[in-house]
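Please treat every number below as a calculation from the coordinates, not as lab data. As the structure is a prediction and not an experimental result, all values here were calculated from the model. Every residue, glycine among them, receives a Cβ derived from its backbone with ideal geometry; neighbour counts consider all protein chains shown.
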Amino acid sequence: MKLEILEIPHPLLRQKSVFVNKEDKEVKKLLENMLETMYAAHGVGLAAPQVGVLKRIVVIDTASKEEKPNPLFLVNPKIIEHSEETSECSEGCLSVPNQYASVQRYTEVTVEYEDADRIVKQIKAEGLLAIALQHEIDHLDGIIFIDYLSKLKQKMILKKLEKNRKRKKMEDVE
Ligand code: NI
């Protein structure tokens, strides 16, 4: 089932998500629905708060269009190690539609998480996957990539979003 993706400035996107306990029976269904929602929106990652669920759950797939899907399900993900080195890369977010900006991230991260079967695993990542992991784990703490930008850039993005929404409303009326 496709879920609705919340967009800034929705207040739920700013909440801290809670750890998922072992008895939670809704995790698998939520992971499935989140993956379907992410693919439909052509995203690389999606965190549960983006669909209004304040649980520490993330889906990521960094496979390109030519590659076969390679979904990664993460429950209670946590960065346990990161490189000293950082690099800057352009990022976007399904909750900040069509807006992109450069953000500094660790070049390499190691994340501990539970998979869909709640087995504890670790993944060491670099490149796009390392960025996606940091971006999505941020969502679980109410942090959005625009928080790393200057106040001016943040204002510009919010303005553009507002403008796009108004335009869309006008088109819907016509
Ligand atoms: Ni995002």
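Give the cross-link partners of Lys22 among the lysines, using a straight C-alpha distance below 21 Å as the criterion and excluding same-chain residues fewer than 8 apart. Answer for Lys22, where 21 Å is the Cα cut-off: Lys55, Lys78, Lys121, listed by chain and number. The lysines whose alpha-carbon is closer than 18 Å to the alpha-carbon of Lys168, local same-chain residues fewer than 8 away aside, are Lys159, Lys160.
Near Lys2: Cβ cut-off under 12 Å, other residues only, Lys/Arg at +1 and Asp/Glu at -1. The net charge is -3.
Across the range 89-104, coupling constants 3J(HN,Hα) worked out from phi with the 6.51/-1.76/1.60 Karplus curve, θ = phi - 60°, read 8, 6, 10, x, 7, 5, 8, 10, x, 6, 10, 9, 7, 7, 10, 7 Hz, and Gly and Pro carry x. Under the convention that each Lys and Arg Cβ holds +1 and each Asp and Glu Cβ holds -1, the size of the dipole of the chain around its Cα centre is about 840 debye. Dividing the summed helix terms, -39500 (n - 2.57) for each DSSP H run of n ≥ 4, by the number of residues in the chain produces a 222 nm estimate of -10000 deg cm²/dmol to the nearest 500. The phi torsions of the range 147-158, fed into the Karplus equation with coefficients 6.51, -1.76 and 1.60 and a -60° offset, translate into couplings of 4, 7, 8, 5, 4, 5, 5, 4, 4, 4, 5, 4 Hz, rounded to whole numbers, with Gly and Pro shown as x. Could you pull out every one of the aspartates and glutamates with an alpha carbon less than 17 Å from that of Lys153, ignoring same-chain neighbours closer than 8 positions? By straight Cα distance, Lys153 reaches Glu88, Glu91, Glu162.
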